[in-house]
Amino acid sequence: MFGSYPVFLREMMLFRRRFLRLGYFFSAMFAPLLYLLAFGLGLGHRISIAGGSYLDFLLPGLIAMSSMNNSYTWIATSLTVGRLHFRTFQIFIQSPVSPFAIVLGEVLAGMVRGLFASSMILLVGFFLGSGLYFIPLFIPALLLNCFLFASLGVVSGLKAKSHEDTATFSNFFILPMAFFGGTFFPVEEMPRWLQFVIRLLPLAHTNKLMRAKCMGSDCLFSLAVLVIFAVIFFVISIHLVRTYSE
Amino acid sequence: MDRRQWTAFYLSAPPRLPLASVFGHMINIDHITKIYGAIRALDSLTLVIKQGEVFGLLGPNGAGKTTTIKILTTLSKPTSGRAAIGGHDVEKEPLAVKNIIGVAPQEINLDKELTAEQNLRVYGMLHRLDNLGRDIKDILELAGLSERSNHLVRDFSGGMQRRLLIARALLTKPNVLFLDEPTVGLDPQVRRQIWDLVRNLKENGTTVFLTTHYIEEAEALCTRVGILSRGRLIALGTPQELKGEVGGFVLEYQENGNTRYILCQSREEAHSLSQSKKGPIIIRESNLEDVFIKLTGERIGKAEQ
Ligand SMILES: Nc1ncnc2c1ncn2[C@@H]1O[C@H](COP(=O)(O)OP(=O)(O)OP(=O)(O)O)[C@@H](O)[C@H]1O
Ligand SMILES: [Mg+2]
């Protein structure tokens, strides 16, 4: 358990070092801000969804999307490169820390990354005048979303045979999920059969929770789905670290 | 690295001796086989190393030296066979093993985007060191890197990085130290410093397991050497024993533009053999390289093509 702190600390040190290079910061934040400005300003005045402005609809979706992207990508990349190229991951394996601690440290670091990106978008949203009212499940859904996708990042970072693998997985799984999971338009707009598939995607449930005004049984179900995904990915990660062998 | 300083650092908190060291066997390798696809990297390797030994594993590229170290340091799981360090099975009690080992791998796996101090701090915390700040300061001084403590490792020369890598492995004062080709690419002066370091470690009772391509390094440092070829241990003993086994003297002569070697039991034998050779000849005492060449057939094989 305590062994997760140095694992976390190292990622934070590396994050700070990257962060100090402004170019990196802008490229990481560019896509969500672009979506926010282009869609939010372009469509915002014409469309209203569920009685609110489009911007109010879009903002939680973009937060869910970039918390997913950032939590996942940072950890997946860091582990793939650290394991295959710099071989720094091997230090953890050779140190007296448990697989649980290693995974927890990495996941917490991924969450910080995801939460950081989310708060940036939230900030921009406020300046654009989004009236994001208090939603009870917003914070738990956001935290679960970061945890879940950081854990998925660990899985993919430990499984990838090359750096390209991570990118491929991201393109075929993470990106479509962002587009179909209710980021830009409600899932209900989709054909029925597709809605059924989408319900299997964790991000769809995050999106739903982040926009839900009440805490119905429907919400509890979505919450349970996120928890189940989070536990599954986390347990797989621990298993992969425990059975790590070159 | 000054010997007095070194001893002071090491004795400031003597290494925890594992139970099995009472029996004197620090590293126990029992019929380890490692298969990668179609490659048999290690073939039923069996080897026992006592506490306080400086053991050198020699062998041509791809012989399986790094694979052996990976298995002993829990990075790789053997296909079959067992290994134990300090009496702890590497597969069944990995945490106990990790508590008493230090590893300086063949590739320099430092975080280049972090400073020397940050690299050591993360490593020390992973090992739950109590007096981390002081230990880091001491080890950086021993490695001659005090002034560079807050510089990014990226900006270090290759030799400085290698020194930091070894310093990191020593930070926890391990009972068993693994050094995979510790002096590759170092200038002669730094190489001597690392030799002195290993000798000091030996005096302090640390068990050292090293691999090297430099025969003179093995002769200078090791109490025993093993020669590995295609995953099999083909020779094992003190440098003296091995030289004695293949013959204490060597006759070198020229034939068709190639240098040939004949190993002889005595100087007289070499002399009498040299009578029939034309051109320049050399008669000298054998060294580990001759043993190596004779047993692995590496250079001899090439010369005969
Ligand atoms: N991860 C791996 N996958 C496939 N084959 C591997 C792997 N690691 C090592 N090998 C193979 O196992 C054999 C032994 O490799 P190893 O790295 O142990 O050699 P070595 O003695 O350390 O060589 P060198 O002196 O070049 O460092 C080689 O044939 C190598 O190609
Ligand atoms: Mg090697």
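The values are calculated or read from the model by the stated rules, or taken from the named source; none is laboratory data. None of the values given here were measured: they were computed from a predicted structure. Neighbour counts are summed over all protein chains in view; Cβ atoms, including those assigned to glycine, are modelled from backbone coordinates with ideal geometry. Only protein heavy atoms, including side chains, enter the accessible area calculation; ligands, DNA and RNA are left aside. Shrake-Rupley method; radii C 1.70, N 1.55, O 1.52, S 1.80 Å.
Remarks
- Using the alpha-carbon positions of region A:183-246, Rg (one decimal) and Dmax (whole number) come out as 15.3, 50 Å.
- Distribution of pairwise C-alpha distances over region B:3-238, 5 Å bins, in %: 1, 7, 15, 19, 20, 17, 12, 7, 2, 0, 0
- Residue order for A:TRP193, A:TRP74 - accessible surface, 1.4 angstrom probe, largest first: A:TRP193, A:TRP74
- Rolled with a 1.4 Å probe across the full set of protein chains, the surface gives A:TYR244 an accessible area near 20 Å².
- For region B:64-102 and region A:155-207, distance of Cα centres in Å: 40 Å
- log₁₀ of I(q)/I(0) at q = 0.12, 0.13, 0.19, 0.20 Å⁻¹ - region A:55-126, Debye sum with one point per alpha carbon: -0.42, -0.47, -0.77, -0.81
- For A:MET12, the solvent-accessible surface with a 1.4 Å probe is about 40 Å², rounded to the nearest 10.
- Distance between region B:22-57 and region B:133-198 - C-alpha centres, whole angstrom: 26 Å
- Alpha-carbon radius of gyration plus Dmax, which is the widest Cα pair, for chain A in Å: 18.2, 59
- Accessible area of region B:242-296 divided out per residue, in Å², using a probe of 1.4 angstrom: 56 Å²
- Per atom type, chain B shows carbon and sulfur on 49% of its accessible surface, probed at 1.4 Å.
- Contour minus Cα-Cα distance for B:ASP196 and B:ASP30 (0.36 nm per residue): 56.6 nm
- Max mean-square fluctuation residue, GNM over chain A, Cα-Cα springs under 10 Å, options A:MET177, A:MET13, A:MET111: A:MET13
- Computed FRET value (nearest 0.05) for B:ARG260 with A:SER245, which takes r as the C-beta separation and R₀ as 51 Å: 0.70
- Amide proton proximity set for B:SER229, modelled H, under 5 Å, gap of 5+: B:ILE234
- Remark: accessible area buried at the B-A interface is about 2600 Å², both chains counted, probe radius 1.4 Å.
- In the protein assembly as shown, the calculated helix contribution to ellipticity at 222 nm averages -16500 deg cm²/dmol per residue, counting -39,500 (n - 2.57) for every DSSP H run with n ≥ 4.
- More than 40 Å apart - percent of Cα-Cα pairs taken over the protein assembly as shown: 40 percent
- Chain B: relative contact order as a whole-number percent, Cα under 8 Å and 6+ apart: 21 percent
- Atom-type composition of the exposed protein surface of region A:69-210 places 74 percent of the accessible area on carbon and sulfur (1.4 angstrom probe).
- Summing charges over neighbours of B:GLN106, with a neighbour being any other residue whose Cβ is under 11 Å away from its Cβ, gives +1 when K and R count +1 and D and E count -1.
- Listed pairs B:LYS98/B:LYS294; B:LYS70/B:LYS202; B:LYS98/B:LYS137 exceeding 32 Å between Cα atoms: B:LYS98/B:LYS294
- Where B:LYS277, B:LYS50 fall by accessible area, highest first, once all protein chains stay in place (1.4 Å): B:LYS50, B:LYS277
- Between A:GLY105, A:GLY114, A:GLY42, the GNM of chain A built on Cα springs shorter than 10 angstrom shows A:GLY42 fluctuating the most.
- Ranked order, B:ASP196, B:ASP155 - accessible area, probe 1.4 Å, largest first: B:ASP155, B:ASP196
- Phi to ³J(HN,Hα) by Karplus 6.51 cos²θ - 1.76 cosθ + 1.60 over region B:244-257, Hz, x for Gly, Pro: x, 5, 8, x, x, 10, 10, 10, 9, 9, 9, 8, 6, x
- Structure remark: mean-square fluctuation, Gaussian network model of chain A, C-alpha springs under 10 Å; the largest value among A:THR80, A:THR183, A:THR168 belongs to A:THR168.
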